[in-house]
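The values are calculated or read from the model by the stated rules, or taken from the named source; none is laboratory data. These numbers come from a predicted model, not from an experiment. Virtual Cβ from ideal backbone geometry, glycine too; neighbours counted across all protein chains shown. Calculation scope for accessible area: heavy atoms of the full protein, side chains included, ligands and nucleic acids excluded. Shrake-Rupley method; radii C 1.70, N 1.55, O 1.52, S 1.80 Å.
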Amino acid sequence: MDDFDKRKFNEVEAALNTLGEKAFRAVFLNLLRFDQTVIYANVQPDEREVINRFLTIEELGKIFDALEVEEMETIRFLKEMTPRLASAILSDMYMDNLADLLGRMSRSDLATYLNLLPKEQIQEVRELLNYHERTAGAIMTTEYISVNQNETVASVMEIVRKRASQAEIIYYVYVEDETEVLVGVVTLRELIMNDDSLTVKQFMKTNVFKVLVEDDQEIVAQRVKEYNFLAVPVVNTTDHLLGIITVDDIIDVMDEESTEDYSGLAGVKVDGDEQSPWISALHRMPWLLTLLLLGMSTASLINHFDSLVSQASILAVFISLITGTAGNAGTQSLAIAVRKISVQNYHKIWKIIRNEVITGIIIGVFAAISITIIVELWKHSLALGMVVGISMAAAITVANLAGSLIPILMDKIGVDPAVASGPFISTLSDLTSVLIYFSVAQIFINSIM
């Protein structure tokens, strides 16, 4: 916590422990929801028990809806309560958040809490839990407002007033025909601005942006970002409205996907609970051993050119310079390719590869000219400068090609492109750079000596 958070935390804790229920509620409920969740998650269990007594079920339900701590922590908070209180809080949560929380529980915990829910909620939760993970269906909520297209503005406004407390978002009202097919959408602004006697069919937008229930969550998030929606309807193949995805869930998806991409590029898992050094080592060891074996190929290649280095030992000075520069270039190209793949720009794949190769050539040429001049001034050998320059230009171009091509190929065969991580590309670039460097040096060996 920063100083401001600590001040609020201490203020709430003091009210909780010394001033009683009324004073605590006055302080706590005046905080923003995020601040409430931070404080709730960080107080001691006995203090959390007091908070549970001082707040209503509805107020606790809102806190659990907004909790950003790890799911196991949230489950622990539930286990601190009586089953009756826990079930009441769960039943007051929004359906998508509830399904997400229950979906991460163990089988025994899931059975326990699912059976405590009201019967009308159990079926809805089971349906949400059946959708494939990381799809639109898995993150949608069934708490939305929909009306028939023949309803008048007056009747729709009455429906909104009645359902507002249960709906996750009321700005969009979705319009269905007599067969419950999604045919339009109206906003709360449009309802307020139109005459009460008009039917929604007369002014609704019929060009509704919607997603299929099996669409990948990352694609959905990208589309919502592009169109700046607060929510997007989820339908099946016959356009029957199944639920909606709200912008807060889209933000969670984007955060999850960016964390996953970063984990892949780093070759480690960067989110989740803090692990012991032994567990962390076990998780990282297979990846590092794979890179070690690939690195041995580079060592073997250098050994193969041992006689060449013996003839001109100065060649050894520039190995790390060339491999390091090529590795950096390859990692930059990889980042561009992974980003393009993540937003599903498949029609631009060959354009990506072409652009990265051309970029590599341009960078390589400038780097080659620069290093040739530097080596000439330093070692007074134009031939050596040309060997290093030509090798660097070729190594950067090949690294850019590999950085863009490998993740695309991996994605095509169904492997997560983030697996083509920075360390992997760097190690592969070392191998190709050494091969290029010594092959060029062999051509100019007589001039160098």
Can you pull out every residue in region 110-132 that is open to solvent by 30 Å² or more (accessible area, probe 1.4 Å) and farther than 27 Å from residue 180 by Cβ?
110, 111, 112, 115, 116
Unmet criterion (only one of (1) among the aliphatic types (A, V, I, L, M); (2) over 26 Å from residue 142 (Cβ atoms); (3) in a helix (DSSP H, G or I)) for residue 31:
(3)
Within region 129-146, count every residue that is farther than 11 Å from residue 234 by Cβ and under 24 Å from the mean Cα position of the chain (by Cα).
5
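Take the residues in region 147-170 that are loosely packed, with under 14 Cβ neighbours inside 10 Å and closer than 19 Å to residue 242 by Cα; name whichever of them is nearest to the chain's Cα centre (by Cα).
166
Of 75, 122, which residue is assigned to a helix (DSSP H, G or I) and free of Cβ contacts under 8 Å to residues at least 12 places away in the same chain? Spell out the reasoning first.
On the way: 75 fails: free of Cβ contacts under 8 Å to residues at least 12 places away in the same chain.
Step by step, each of 75, 122 is checked, and only 122 is assigned to a helix (DSSP H, G or I) and free of Cβ contacts under 8 Å to residues at least 12 places away in the same chain.
Any residue in region 37-49 that is in a loop (DSSP other than H, G, I, E, B), open to solvent by 50 Å² or more (accessible area, probe 1.4 Å) and in contact with a helix residue (DSSP H, G or I) (Cβ under 8 Å, 6 or more places away or on another chain)?
No.
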Would a scan of region 313-333 turn up a residue that is more than 37 Å from the chain's Cα centre (by Cα), of a type outside the set (A, V, I, L, M, F, W, C) and open to solvent by 50 Å² or more (accessible area, probe 1.4 Å)?
yes
Take the conditions touching a helix residue (DSSP H, G or I) at 6+ places or on another chain (Cβ under 6 Å), modelled with pLDDT under 85 and in a helix (DSSP H, G or I) and apply them to residue 60. Does it pass?
no
Of the residues that make up region 200-217, is at least one open to solvent by 30 Å² or more (accessible area, probe 1.4 Å), part of a helix (DSSP H, G or I) and over 24 Å from residue 65 (Cα atoms)?
yes
Please specify each residue of region 414-449 satisfying the condition of being more than 28 Å from the chain's Cα centre (by Cα), small (Gly, Ala, Ser) and modelled with pLDDT of 80 or more.
433, 439, 441
Number of the condition not met by residue 24 [criteria: (1) among the aromatic types (Phe, Trp, Tyr); (2) at pLDDT 85 or above; (3) under 33 Å from the mean Cα position of the chain (by Cα)]:
(3)
In this structure, is residue 90 crowded, with 20+ Cβ neighbours inside 10 Å and either in contact (Cβ under 8 Å) with a residue 12 or more places away in the chain or out of contact with any Ser or Thr (no Cβ under 7 Å at 6 or more places or on another chain) (or both)?
yes
If you go through region 198-209 one residue at a time, how many are over 22 Å from residue 226 (Cα atoms) and in contact with a helix residue (DSSP H, G or I) (Cβ under 7 Å, 6 or more places away or on another chain)?
3
Would you check which residues across region 352-389 are open to solvent by 70 Å² or more (accessible area, probe 1.4 Å), in contact (Cβ under 8 Å) with a residue 12 or more places away in the chain, farther than 15 Å from residue 326 by Cα and not basic (Lys, Arg) and list them?
369, 373, 386
Restricting attention to region 148-197, which residues are within 23 Å of residue 58 (Cα to Cα), among the charged types (D, E, K, R) and assigned to a loop (DSSP other than H, G, I, E, B)?
168
Output for Cβ contacts, cut-off 8 Å, separation at least six or different chains, first residue part of a helix (DSSP H, G or I) in region 295-316, second open to solvent by 60 Å² or more (accessible area, probe 1.4 Å), reads 301/435; 308/442; 311/449; 314/379
Provide a single number: the residues in region 125-147 that are under 21 Å from residue 250 (Cβ atoms), touching a helix residue (DSSP H, G or I) at 6+ places or on another chain (Cβ under 8 Å) and not in a loop (DSSP other than H, G, I, E, B).
8
Do we find that residue 137 is over 23 Å from residue 85 (Cβ atoms) and either in contact with a Leu (Cβ under 6 Å, 6 or more places away or on another chain) or in contact (Cβ under 8 Å) with a residue 60 or more places away in the chain (or both) in this structure?
yes
